[in-house]
Amino acid sequence: MTVIQGVKLDESERAAPALPRDILTEELVFNMGPQHPSTHGVLRVVLRTDGEVVHDCHPLVGNLHRCCEKILENLTYVQGLPYVDRMDYLGALNMEMGLVLSVEKAAAVEVPKRAQYLRVIMCEINRVISHLFAAGQFGLDMGAFTPFLYMFREREEALLLLNQVTGGRLLYHYIRYGGVTRDVTDDWLKRCLAWCDRVAAHMDEYNNLLTYNHIFLNRTCGVAIIDKSTALRYAATGPILRAAGVARDLRKDIPYSSYEDFDFKVPVGPHDKGVVGDSWNRHRQRLLEIEESLKIIRQAVAKLPSGDVSNPKISRGWKAPEGEAYVASEAPRGEISCYFVSDGGKAPYRARMRGPSFQNISLLGETSRGLLIGDLIALMGSIDITLGECDR
Amino acid sequence: MMALRNWARAVWMGLKTTWIGLTITVPYIFRRPYTLQYPEEIPEIPPTERGLHVFEIDKCIACDQCAKICPVDCITIEAEGKGKTARIRTFEIDYSKCLFCALCCEPCPTECIHMGPHFDLVGYTRDEVIIDYADRENPRVFSGEEKIPYEIVSFSRK
Amino acid sequence: MKPAEALSAAMPDAVEEAVEEGTHPFVRVKAERIVEAARVLREKCGAAMLHQVSGVDRPPDRMEVVYHFTRIAPDPAFLCLKVSVPRSDPVVPSLANEWASANWAERETWDLMGIRFAGHPHHYRILLPEDWEGHPLRKDYQYPVEYHGVDCVE
Amino acid sequence: MILAETPPFSSHIAGWLAGLVGMEPNWLFSAVGALVVAAVILLLVVTPVGLGGVYLERKLAGRMQNRRGPNRVGPYGLLQSLADGVKLLAKEDILQRGADSPLFRFAPYLVFMAAFAGFVVLPFAPGLVAADLDVGLFYFLALIALETVGIVMAGWSSNNKWSLLGAMREVAQVVSYELPLGLAAMCPALAVGSLSLVAITDYQAGPIWKWLLWRDIYWAIAMVPAFLLFYTAGLAAAKRAPFDLPEAESELTAGFHTEYSGMRFGMFFLPEYAMMLSLSAVTSVLFLGGYHDPIGLSAPGKLFDGVWWWGLLWFFLKTTFLFLTQIALRWTLPRIRIDQVMYLCYKVLLPIGMGSLLLTAALRLLG
């Protein structure tokens, strides 16, 4: 067992043969994070490098651990919901979906159609917010600051849209068991459509400034390839898996919340540049997914049925009957799922949340071997992690 | 020859991509900035905003419902008596804990606690962000006659 | 092929319980045969990913480990395996050598639930610090009073 | 000998001082005179250059990013950089345990000195040059190397691995880019036949087509690539994006100045702008006619021949334009990876530089 700076490191992740080295030099051990600008939070990565070349890389998580699952077990069903938001603070609505869907399935709660559509609209807006942030953040990691702020402009408008309905800008507490908290107005729907058009109009700007920038292409094409088999072995999901060429999207594969009603494509790598599963494809994947999300939002707004937005049977003191369920849904960073077990008590007996970032980071160790430090940043930026949801 | 062509193409692409980038960013210099000048210009705060609470002290009957549903136990109520005649001695909300989830507004039988539009609360210590809403000097506390200057957030009451 | 059929065909002696109806179909297999069962799922049922490993505490005397596998195509679905181990000595063979995603998931289960995984290459706490006492998700977990001078209880 | 030629200003001051005391001017008075000039330069050039550069960068970056940039301190935020300077002065000066104290303390001064010493040879206007050295261009390029030494010192003495990596990148990058920078600078020098920046400027006296960039049209074949090359290599030598690898904040936290705080950090921060400005100035001298205006009014015998404020105006305009393009590039392009920086230097820029130099030599031979 190797112990570097008081950290026990994983031997199995180091099993691959050492890289060829022409000059015998001393290895450097870097402590990247928890306060490093590119670890996107409080991720700590211990690197062993030969100069700029990464020999191996050990992500160490847990700095933001709050034991969300224990909190859920200690609170009543209604009280627990605002906590789930705080897992992935950039895609909070999708996190709510993760818990709510499996509880609803276990307890056989019916959700009105209008509420389902509203959930879809809100979750897709949240996905666009998250992907804009991720794409901008990736540009920032690559040293391009300006596209980041351009994307924040559209993100800001989307935050206002969500604020108008849910009351929160980042942590929404909008989706409840059996429905949503609040209905939308026709005026809001118009604003939403106008926002969709604005984002779509700005996509070219992002692409020209960042995605198809020659320097950016050179830095990300063919760099840090996560191929299909690696992604599957590590259960990496979301844009990583799709950029690696697997057409896996739970919205299409195992539709939930009426996603089957909408017509959208699942973009799958390789895209027009680069190699399948490289950093550029993951970045492009996100931008293409934004476009698909906008399509879904437009359809959902057009088809929005009338009716109730919440299930009247669910009261404040509602308890799920005995039962269990496992439902996964597509969050911006991958598949969020909840293994929910109820014993009929006032709190969930067990609510095991799957943080997609948790599994996505775990492949950092294997994929980063032999990269330059700059490429490692590209890898981490294109994996797009949120530590709140990784550490839960 | 092929290598030379690629080389020339790389040089050309470098110049071209720089030009394309500049044609996007430089025109922004002459456009109106998107940002707001915060203390002078207040961003659009929708009536649904879940900000700091607004409390109507004369309606409160000290039933403790809000304190019970609070996931983080940030509400402390001390009162003499119960029901319509209750005199609230303290109604403290500890904003260092508050999640702004608005769960406390839902069970209130008299609808006396609401989420308001205010979002700026700062202090040098943790004690400074504990607000006692029984203090009538507090601008966010309203007695029955006054009109609440903002649309009340009413979440679906289940 | 359904996991219950596949498993009872391949290893009938290991299957303890098979539920195919309801909200959460699963197959309960013997704890020591889990590696083999996972292999069957991969070969016969098309399980491509180990989606999640969950531990469930069932006091007074049992603990469960629940594995959710994913079939991507055709017919996308989640396939569930459960194993049950005694609470006094919860040990399950590790899947980490065959399914890389089990590496961190099992470490997390050990960290928070206290179920050990025999043969895991890196069997340490992952989310909590190395010197943390107890496993928080157990139903009888005692909250610490203080941790390195930080008060944990109000 | 460089030192044999006494700078004009300091010799005046030395003479004046000697007359005041009633002695013959000797080396002591020359030294005092030189110090006075240095102090005046520090006061009149360094402060406005550094602070103005920072302000311009922040304002322009803000507008390019659809923001406003500094607008709170003073009118249009003009005093923002000054406020920042005061803040830096008031901050704690941290010397962390394990740092090599003398080197750590000395490094910022060296960088500061090297960056601002370049201003000595810049011909701001006719007659307005601190020292018209015969080897002015060579002196300028040598100072870039001196700055590198300071940065390596800072990175090494910080006892921080990120700083060390930043310093190593700096060495690799700046030392490599000295080659294309030198080659590109040689083209105008060869065309003029002098390394003195004043001589190079005056060679370009006259209307816009007399500028070395496109002098006699067919020279443009050699000079336009050399101009682009000098500009690009200058970006790299000044550690500006897209070549800001030594301090790439998303990779190396802050690179070589990770451990610096307070005014010592400020002494790394200001020279960056000084370097940018002096490089822009040298670029304008070498290729864009320096203080000569594009209409030819400052040519010998014309209306503004030898009028210092007219020259200063045009020098300032050209330098500022190049400076602004440097800023615009920084806020537009992503950062290049370290191996690509090396590739660009040795496989793209160096061949272009060699080609330009050869062409210039051939053109010079052919007349």
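Over the heavy atoms of residue D:214, what accessible area does a 1.4 Å probe trace out, to the nearest 10 Å²?
Answer for residue D:214: close to 90 Å² accessible.
Between residue C:130 and residue A:272, what is the label-to-label distance in nm when each label sits 7 Å out along the Cα-to-Cβ direction?
Output for this residue pair reads 5.1 nm.
In the range C:63-103, which residues give up 50 Å² or more of accessible area once the other protein chains are added, compared with their chain alone (1.4 Å probe)?
Output list: C:72, C:76, C:78, C:100, C:101.
Below 8 Å between Cα atoms, with a sequence gap of 6+, how large is the relative contact order for chain D in percent?
The normalised contact order for chain D reaches 22 percent.
Probe of 1.4 angstrom, ligands and nucleic acids ignored: what's the accessible area per residue over the range D:267-344, in square angstrom?
Computed with neighbouring chains in place, this is 33 Å² per residue.
Hey, can you rank A:252-261, D:26-35 by average C-beta count inside 10 Å, highest first?
By packing density, highest mean first, the sequence is A:252-261, D:26-35.
Determine the shape class of the range A:38-170: with a ≥ b ≥ c the square roots of the Cα gyration tensor eigenvalues, call it rounded for a/c under 1.5, and otherwise prolate if a/b is greater than b/c, oblate otherwise.
oblate
Say R0 is 51 Å: what FRET efficiency, to the nearest 0.05, do residue D:305 and residue D:342 get from their beta-carbon distance?
Computed FRET efficiency for residue D:305 and residue D:342: 0.65.
Please work out the Cα center distance from the range A:33-111 to the range D:166-199, rounded to the nearest Å.
52
Could you state the angle between the C-alpha long axis of helix A:113-141 and the longest principal axis of the C-alpha atoms of chain A, as a value from 0 to 90 degrees rounded to the nearest 10?
Once rounded, the angle reads 20 degrees.
If DNA, RNA and ligands are ignored and the probe is 1.4 Å, what is the ranking of C:139, D:302 by accessible area, most exposed first?
D:302, C:139
When the solvent-accessible surface of protein heavy atoms is calculated with a 1.4 angstrom probe, in what order do B:93, B:69 fall, highest first?
So, going from the largest accessible area down, we get B:69, B:93.
When the accessible area of chain D is split by element with a 1.4 Å probe, what percent falls to carbon and sulfur?
The computed percentage sits at 74.
In the range D:238-262, which residues become less accessible by 10 Å² or more once every protein chain is in place, relative to the chain on its own, using a 1.4 Å probe?
Buried-area filter returns D:249, D:250, D:251, D:253.
Using a probe radius of 1.4 Å on heavy atoms only, what accessible surface per residue do you get for chain A? Whole Å² is fine.
Here the per-residue accessible area is 29 Å².
Please name whichever of C:105, C:1, D:310 sits farthest to the positive end of the charge dipole of the protein assembly as shown, dipole taken about the Cα centre and charges placed at Cβ: Lys and Arg +1, Asp and Glu -1.
D:310
Long-range amide H contacts for residue C:28: which residues qualify at under 5 Å (H placed 1.01 Å from N, peptide plane, sequence gap of 5 or more or a different chain)?
C:16, C:17, C:18, C:19, C:82
Kindly compute the accessible surface that chains D and A hide from a 1.4 Å probe when together, both sides summed, and give it to the nearest 100 Å².
Interface between D and A: roughly 2500 Å².
Could you work out the relative contact order of the range C:3-151? I mean the mean sequence separation of Cα pairs under 8 Å and 6+ apart, divided by the number of residues, in percent.
After rounding, I find 17 percent.
Which lysines, if any, have their Cα less than 24 Å from the Cα of residue B:97, not counting same-chain residues under 8 positions apart?
A:70, A:346, B:68
In whole percent, how big is the carbon plus sulfur part of the accessible area of the range C:3-151, probe 1.4 Å, protein atoms only?
On the range C:3-151, the fraction of accessible area on carbon and sulfur atoms equals 51 percent.
Please work out whether the protein assembly as shown counts as rounded, prolate or oblate from its C-alpha gyration tensor, where a ≥ b ≥ c are the square roots of the eigenvalues and a/c under 1.5 means rounded, while otherwise a/b larger than b/c means prolate and anything else oblate?
Prolate.
How large is the accessible surface per residue of the range C:3-151, computed with a 1.4 Å probe and reported in Å² as a whole number?
For the range C:3-151, the solvent-accessible area averages 41 Å² per residue.
Could you report the buried accessible area between C and A, both sides summed, computed with a 1.4 Å probe and given in Å² to the nearest 100?
So the buried area, both faces added, is about 4000 Å².
For the range C:15-47, which residues drop by 50 square angstrom or more in accessible area between the chain on its own and all protein chains together (1.4 Å probe)?
With the partner chains in place, the range C:15-47 has these residues losing at least 50 Å²: C:23, C:24.
Cα centroids of the range A:214-264 and the range B:1-46: how far apart, whole angstrom?
About 28 Å separates the Cα centre of the range A:214-264 from the one of the range B:1-46.
Cross-link candidates for residue D:161: which lysines have Cα within less than 22 Å, leaving aside residues fewer than 8 places away along the same chain?
A:8, D:239
Whenever you get a sec, compute what percent of the accessible area on chain A sits on carbon and sulfur atoms (1.4 Å probe).
The value for chain A is 54 percent carbon and sulfur by accessible area.
Give the long-range amide H neighbours of residue B:135: residues separated by 5 or more places, or on another chain, with amide H under 5 Å away, using H modelled in the peptide plane at 1.01 Å from N.
HN-HN under 5 Å from residue B:135: B:91.
If you project the alpha carbons of chain A onto their three principal axes, what span does each projection cover, largest first, in Å?
72, 48, 32
Return the value, in Å² to the nearest 100, of accessible area buried between chains A and B (probe 1.4 Å, both sides summed).
2900
Please list D:221, B:29 from largest to smallest accessible area, probe radius 1.4 Å, with all protein chains kept in place.
Reading off the accessible areas and sorting them downward yields D:221, B:29.
The values are calculated or read from the model by the stated rules, or taken from the named source; none is laboratory data. This structure is a prediction, so every number in the text was calculated from the model and none was measured. FYI the Cβ positions are ideal-geometry reconstructions off the backbone, even for glycines, and counts take in every protein chain you see. Areas reflect the complete protein model, heavy atoms only, side chains present, ligands, DNA and RNA absent. Shrake-Rupley method; radii C 1.70, N 1.55, O 1.52, S 1.80 Å.
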